[in-house]
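Chemist: Below you will find the structure I want to go over with you.
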Amino acid sequence: VTNWPPPAFSPDTGLFYVPEHNGFNMLYLTDPDPRGSMGLGGKSVSGVGSAGDFLTAIDYRTGRIAWRKQISGGGVGAGLLATAGGLLFAGDGSGNLMGLDSRDGKPLWHTRIGNASNAPQTYLVDGRQHLLIAVGDTLYAFTLY
């Protein structure tokens with residue numbers, strides 16, 4: 001239920017955050033590659049259904065789910081970022097960048113900037129923390145107070 005988008009971990013909460021996509025597909029091989037099973041052949045994908053998209057926080061010590069937040073609009077975007085300040089950042093499939101409380105998943109902030117094309121990053125300049133997110137070929141930077 002998870003793929004390439006980077007998860008995140010917070011040593012402060014002990015939680016491992018994973019974007020979860022529960023989709024079901026039928027895949028048809030349309031152009032077999034003569035070189036064998038190298039993943040280079042063509043395919044056709046037909047969506048069959050979905051059991052929902054979630055942002056899931058897992059306690060790494062027990063493997064139990066600490067909290068799970070349903071994400072509408074196509075699931076969590078391009079990856080997650082957990083900060084030492086107790087924040088969790090993620091894009092959703094509706095074009096929002098969300099700031100959540102990393103302990104319980106409670107929404108704290110969001111902005112509609114478009115679908116993220118990369119996981120959020122954070123950096124420090126002159127003692128002030130910033131958040132950077134890519135949307136297509138545009139970078140958005142926010143100052144965290």
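The values are calculated or read from the model by the stated rules, or taken from the named source; none is laboratory data. Worth saying up front: this structure is predicted, and the values here are computed from it rather than measured. Neighbour counts are summed over all protein chains in view; Cβ atoms, including those assigned to glycine, are modelled from backbone coordinates with ideal geometry. The accessibility values were calculated without ligands, DNA or RNA, using every heavy atom of the protein model including side chains. Shrake-Rupley method; radii C 1.70, N 1.55, O 1.52, S 1.80 Å.
Chemist: Residues of region 56-73 being out of contact with any Asp or Glu (no Cβ under 7 Å at 6 or more places or on another chain) and either touching a residue at least 24 places away in the same chain (Cβ under 8 Å) or open to solvent by less than 50 Å² (accessible area, probe 1.4 Å) (or both), which ones?
Modeler: Correct list: ALA57, ILE58, ASP59, TYR60, ARG61, ARG68, LYS69.
Chemist: Can you name every residue in region 44-67 that is assigned to a strand (DSSP E or B) and more than 14 Å from THR2 (Cα to Cα)?
Modeler: SER44, VAL45, SER46, GLY47, VAL48, GLY49, ASP59, ILE65, ALA66, TRP67 - these are the residues of region 44-67 that are assigned to a strand (DSSP E or B) and more than 14 Å from THR2 (Cα to Cα).
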